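The values are calculated or read from the model by the stated rules, or taken from the named source; none is laboratory data. Just so it is clear, the model here is predicted, and its values are computed rather than measured. FYI the Cβ positions are ideal-geometry reconstructions off the backbone, even for glycines, and counts take in every protein chain you see. Quick note on the areas: whole protein, heavy atoms, side chains included, nothing else; ligands and nucleic acids left out. Shrake-Rupley method; radii C 1.70, N 1.55, O 1.52, S 1.80 Å.
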Amino acid sequence: LGDRGSMLRGLTTFSQPRLLAPDGVRFATLKSLKTRLVSVKSIQKITKAMKMVAASKLRGAQTRMEASRPFVLSSPAALKDALDTTEITGERVFVLPISSDKGLCGGVNSSVVKQTKLLINKLSAEGSKAEIFIVGSKARDALTRECGSLLVGNADECYQKPFSWGQAAVIADEVLSHDFDKLNIIYNKFYSVVRFEVTPIAYGTPVMLAGNEKLAAEFEVDEDEDSEMMHDLYKFELASRLFNCVLENSTSENASRMTAMDNASNNAKDMISKLQVIYNRQRQAVITTELNEIISGAESL
């Protein structure tokens with residue numbers, strides 16, 4: 001019976017919350033509870049501050065994002081039709097996922113990484129050769145292990161300052177330095193503070209623009225200047241699209257971080273309330289025990 005009793009005591013001790021009581025202690029002490037309360041309150045202050053910072057950044061990011069949308073919405077219909085890749089099955093596909101440089105923003109980065117992996121697996125099954133150029137360090141860190149051999153470049157620290165069209169043009173130059181039959185851009189499209197969706201965009205190549213009679217007639221391009229003119233037009237269109245995509249993703253990141261920090265603050269508040277109740281009960285039990293000991297000692301005298 002003694003062995004069985006010791007086993008049961010061991011099981012009881014093991015079932016106690018490890019976050020409040022150290023190993024070998026049956027109940028949480030007042031000191032450990034108080035330490036836990038202080039740490040959770042500190043975390044709550046941090047998450048509230050991060051929520052306010054994300055909210056202030058969101059306003060500026062949303063303003064810049066809305067100003068960038070005319071760049072892509074004003075593209076001529078003839079240009080969009082010329083770059084249509086519905087019927088293209090190229091062997092060389094260039095994948096450009098856009099992520100952030102920082103975490104603590106919900107599923108913004110993980111959704112882009114997941115969509116990129118699905119696309120890479122699909123291309124591998126079809127026998128296509130894929131190359132990846134990543135914007136943002138979070139997607140790079142997540143994709144390096146599984147797709148490290150496919151990485152051809154990475155653009156980090158794009159969000160240190162407000163993203164500019166010049167930065168987008170530099171990324172477009174880097175993309176055009178590679179040969180591909182199809183370009184896929186994966187980013188988070190912003191709809192509202194509580195809604196953003198991973199959106200893939202497929203683009204053709206500058207070769208598809210050259211020789212397009214409808215497009216040449218609309219822009220009044222001479223045959224001698226056709227190739228160079230269409231290449232510059234494609235580069236401008238790609239840079240404008242990247243400019244908008246990065247700003248859309250940045251706005252989604254700040255909105256998601258604000259929501260995540262708000263949820264974290266609420267969870268910390270609930271945990272503080274529960275810990276405070278446990279602390280008060282434990283403190284009352286200690287006081288009652290001490291009073292009983294004093295009374296018992298007085299009666300014995």
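Numbers at a glance
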{"read-out": "Rounded to whole Hz, the Karplus (6.51, -1.76, 1.60) HN-Hα couplings of the range 189-199, x for glycine and proline", "value": "8, 8, 10, 7, 4, 9, 9, 8, 10, 5, 10"}
{"read-out": "Flagged links, alpha-carbon separation over 29 Å, of K31/K269; K57/K269; K31/K57; K161/K182", "value": "K31/K57; K161/K182"}
{"read-out": "Accessible area (Å², per residue) of the range 131-172, counting only protein heavy atoms and a probe of 1.4 Å", "value": "52 Å²"}
{"read-out": "Dipole magnitude of the range 85-167 about its Cα centre (Cβ charges: Lys, Arg +1; Asp, Glu -1), debye to nearest 20", "value": "200 debye"}
{"read-out": "Filter on K117/K274; K114/K235; K48/K274; K51/K114; K48/K122 - keep pairs with C-alpha separation over 30 Å", "value": "K117/K274; K48/K122"}
{"read-out": "For the range 120-196 and the range 267-282, distance of Cα centres in Å", "value": "45 Å"}
{"read-out": "In sequence order, calculated HN-Hα J values of the range 94-105 (Karplus, 6.51, -1.76, 1.60; Hz; x Gly/Pro)", "value": "9, 10, 10, x, 10, 10, 10, 9, 10, x, 6, 9"}
{"read-out": "Accessible-area composition of the range 116-165, carbon plus sulfur, in percent [1.4 Å probe]", "value": "47 percent"}
{"read-out": "The range 269-284 - phi-based ³J(HN,Hα) in whole Hz, Karplus 6.51/-1.76/1.60, Gly and Pro as x", "value": "4, 5, 5, 5, 4, 5, 5, 5, 5, 4, 4, 5, 5, 5, 5, 5"}
